[in-house]
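Q: The structure follows.
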Amino acid sequence: MLFLNRHEVERLLDLDPLVEALGPAMVELSAGRVSMPPRVVAQVPEQGGLLAAMPAFLNLPQVLSSKLVSVFPQNAARGLPSHQAVILVFDPRTGSPRAMLDGTAITAARTAAGSALATSLLARLEARILAIVGTGVQARTHAQAISRVRPIREIRVVSRNQDRATTLAEEIAHDLGVPAKTFDLEQAAFAGVDVICATTHSVEPVVRGEWLEPGVHINSVGLNAKGRELDGETIKRALVVVETRAAALAKAPSGSNDLLWAIRDGLIGEEHIHAEIGEVISGTRPGRTSPEQITLYTSVGVAVQDAVAAHLVLEAAKRQGVGKEIPL
């Protein structure tokens, strides 16, 4: 069995091919041609954490894999990633274990790539100003990914913690060559913004409907079993696109509290979910229909994306002779 560590995965996984490869996979998922059962979750209440199992089988490309991922929001205070994972890939002909990969790097990359895919489909073509809410791993990877699909000329790092925001803004400006500024979490941070990426574990909403200007596109990827990133007014005002309706509406902690709580509070019904991202790609459902429309991609993460990313990593490892064979 081939073993690939985090450093190797990060070196082998390129964001551009990943964004491109996710599109066909999401179309297959929405068309019902992927085997992907609901994730199984074991909760660790005293830590506010969870461990989830996420298996999937894709025909094109042929990938059989499963991710085990832990989500512990309090890890930031411990200097550890909130998401930590391993991915096992199996031979789809025999079921034999083929490879074990670090899944932490893959989770970070594929989540941001999913948002980049959604942004390429839903954001206005002239989008120039990006606001990132949060200062963790996903904030950094979203800055990189969104800049691949829109000509971003200014990045705003929005946070209640200005020390962390300053550090991240300096890193982004250095790595991407794009001016990056810091803002407190308030309405002024979103004035004139074209794309918002919410990447937090916040209990209270970090994006509010009253702050949104016409035409903005929002990506929301944060997960907290006890909270939500977006208030109900944001959901109500937006054209909502998800990975799959089933995943988005799954019971906590797997589903989207942003959507579930808005439904609970009577602000929207399930029919308010406009489309799955695969339906927008295939053309069975439209995306943005006007420059003034507010669009929202809310993500809970699906196993198909992990499988696609793992496949790309293994193909690159094979070409470059990277990794270590370990007998079981």
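Q: Nearest 10 degrees is fine. How inclined is helix 15-30 to the longest principal axis of the chain, computing both from alpha carbons?
A: The two axes meet at around 90 degrees.
Q: Also, quick follow-up: Under a point spin-label approximation (7 Å from Cα along Cα-to-Cβ), what is the LEU60-ASP184 distance to one decimal in nm?
A: Placing both labels 7 Å beyond Cα along the Cβ direction yields 5.3 nm.
Q: Convex hull volume of the Cα atoms in the chain, per residue, in Å³?
A: Hull volume normalised by residue count: 130 Å³.
Q: Relative to 2.2 N^0.38 Å, what does the C-alpha radius of gyration of the stretch 43-159 come to as a ratio? Two decimals please.
A: 1.27
Q: Can you give me the three principal axis dimensions of the stretch 119-301 from its C-alpha atoms, in Å, biggest first?
A: Result for the stretch 119-301: principal-axis Cα extents of 42, 35, 27 Å.
Q: Pulled fully out, how much extra length does the chain show between GLU325 and MET1, if you take 0.36 nm times their separation in residues and subtract their Cα-Cα distance?
A: Length gained between GLU325 and MET1: 116.1 nm.
Q: What size of dipole, in debye to the nearest 20, comes out for the chain about its Cα centre when the only charges are +1 on Lys and Arg C-beta atoms and -1 on Asp and Glu C-beta atoms?
A: So the magnitude is around 500 debye.
Q: Using only Cα atoms and rounding to the nearest 10 degrees, what angle (0 to 90) does helix 303-320 make with the longest principal axis of the chain?
A: 60
Q: Now a separate question. Please compute the modelled spin-label separation between LYS226 and GLU126, points set 7 Å along Cα→Cβ, answer in nm with one decimal.
A: In this crude spin-label approximation the distance works out to 4.5 nm.
Q: Simple spin-label model, 7 Å along Cα-to-Cβ: ASP175 to THR289 in nm?
A: The modelled label-to-label distance comes out at 3.8 nm.
Q: Related question: Determine, for LEU58, LEU260, LEU101, the number of other Cβ atoms within 10 Å of each Cβ, and report the residues in order from fewest to most.
A: LEU260, LEU58, LEU101
Q: Sequence-distant or interchain residues sharing an amide H contact under 5 Å with ILE196, placed H: which?
A: ALA131, HIS217, ILE218, ASN219
Here, each number is a calculation from the coordinates, and none is a lab measurement. Every value quoted in this text rests on a predicted model; they were computed, and no experiment measured them. Counting neighbours? That spans all protein chains shown, and the Cβs are built from the backbone with ideal geometry, glycine included.
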